[in-house]
Amino acid sequence: MKLRLKNLQDILLQKGMDAILITNIVNVRYLSGFTGSSGEIILTPASAYLVVDGRYFQQAGDETNGFELIKRTELLPKTLKDFFSPQDNIRRLGIEADHLSYHQHEVFAKHLEFLQLIPTTGMVVEQRCIKSPEEVQKIKTACKIAFEVYNKILPMVKPGISEIDLLCEIEYQTKKSNGQVAFEPIIASGIRSSLPHARASSRVIQDREPILIDWGVGYEGYHCDITRVIVPDGVLPKFQDMYRAVKETHSQVIRMLKPGIRFEEINEAGKNILTQFGYGDFWLHKIGHGIGLEVHEKLSNEDDAILMPNMVITIEPGAYIPQIGGVRVEDTVLITDDGCEVLSKEIVSHDILN
């Protein structure tokens, strides 16, 4: 945590800011270790303060080191006004512009009229996209739990069970295995699998139809995100062909991954490969995303991110044809010094195709 704070303090000095207010609770956790649902950080080049209300004051003291705690008893703008005295040397205050709403900015400006509010973007996110060994290990543990959960639910995936029953079993087994449910699992059977973000329904799985399962597990705040499609004997030949095309696209993109390659280049390559198989018109989303403390993380502050060692991303090509079905194959992947490591590789596809 000290190094993360030091890096941000160095950026403050470089940008000529006297302090920064961190309001994104995920960034608060990343910088402090505080796991509560409400809190803010005030960081100056020399000091660090954690602002929490009475519900979290004891917890904040237990979970953090190197922070002076401020107990908030009023609304945040009033607390900040009391903290930032006009007589202080603080004149330029950074704010997280991509987190504060326009209304919140107006309220802050009204109460802190003696400060210049400096909008910032990505100052913490750019640190978060490069994972430490400890962070990588937590993501690996999340993948291990996901593997255990998948193996436990596989015997249940057969005609006669409903999508919602499978969802409940995944969530139950995840929590029983000391994991957290990262997001509501996507369970889509038959032609419903053509909906990329289908919500599990009461629909009962029928004989000879595919089942798409997209689930994520969290461990100590860090997440994995995985999708598998179970393809039983007797599915439509068109679906089998689409499945093979998506799996091959996934494999080819994985082989491309290494430091220095642009993420957009990977995305375009994936789409081109799938197009060669005849399914480019059914590509509906990007090839993947960053992952860590959040299931969907930005890879950097720039849209045109370049892969670097110790980034963790997902690779998830997909094709979706209405009235036929959809296929998505997704893994959580670590970028290494000379290539990549598929962290969820133990979770093998269970299908009848070679």
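Laboratory data are not the source of any read-out in this text; all were calculated from the coordinates shown. No experiment lies behind these values; they were computed from the predicted model shown. Methodologically, a virtual Cβ is constructed for each residue, glycine included, from the backbone with ideal geometry; neighbour enumeration extends over all protein chains shown.
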* State whether segment 133-342 is rounded, prolate or oblate according to the following rule on the C-alpha gyration tensor (a ≥ b ≥ c being the square roots of its eigenvalues): a/c under 1.5 gives rounded; otherwise a/b larger than b/c gives prolate, and the remaining case gives oblate. => oblate
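Return the FRET efficiency for the residue pair LYS176, LYS78: r is the Cβ-Cβ distance, R0 is 41 Å, and the value is rounded to the nearest 0.05.
Working: r = 44 Å, r/R0 = 1.08.
Computed FRET efficiency for LYS176 and LYS78 comes out at 0.40.
Lys and Arg at +1, Asp and Glu at -1: add these up for the other residues within a Cβ distance under 13 Å of ILE118 and post the number. Could the numbers behind the result be given before it?
Working: positive: LYS15, ARG91, ARG92; negative: ASP18, GLU96.
It works out to a net charge of +1.
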* Structure fact -> With -39,500 (n - 2.57) per DSSP H segment of 4 or more residues and division by the full residue count of the chain, the 222 nm estimate, nearest 500 deg cm²/dmol, is -10500 deg cm²/dmol
* Structure fact -> The answer for GLY325, listing residues at least 5 apart or on another chain whose modeled amide H is closer than 5 Å to its amide H, is SER194
* Structure fact -> Exposure-ranked with fewest Cβ neighbours within 10 Å first, PHE57, PHE114 stand as PHE114, PHE57
* Structure fact -> Amide H neighbours of ILE118 at under 5 Å, excluding residues fewer than 5 places away on the same chain, with H built from the backbone geometry, are LEU93, GLY94, ILE95
* Can you give the FRET efficiency for GLN252 and LEU154, using 1/(1 + (r/R0)^6), R0 = 30 Å, r = Cβ-Cβ distance, to the nearest 0.05? -> 0.65
* For segment 1-84, state which GluC sites (Glu not before Pro) are in a DSSP loop and have at most 11 other beta carbons lying within 10 Å of their beta carbon. => GLU74
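Taking the Cβ of GLY54 as the center, what net charge do the other residues with Cβ under 13 Å away carry, scoring Lys and Arg +1 and Asp and Glu -1?
On the way: positive: ARG55, LYS71, ARG72; negative: ASP53, GLU74.
That sum, taken over residues with Cβ under 13 Å, equals +1.
Of the listed peptides 223-229, 319-325, what is their order by residue-averaged count of other C-beta atoms within 10 Å, with the highest listed first? Walk me through the numbers on the way to the answer.
Values: 223-229: 25.7, 319-325: 18.1.
Output ranking for 223-229, 319-325: 223-229, 319-325.
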* Under the classification rounded if a/c is under 1.5, otherwise prolate if a/b is larger than b/c and oblate if not, where does segment 2-127 fall, given a ≥ b ≥ c as square roots of the Cα gyration tensor eigenvalues? -> rounded
* Asked: Which distance in nm do the two modelled labels at THR35 and HIS350 give, with both placed 7 Å along the Cα-to-Cβ direction?
  -> 3.0 nm
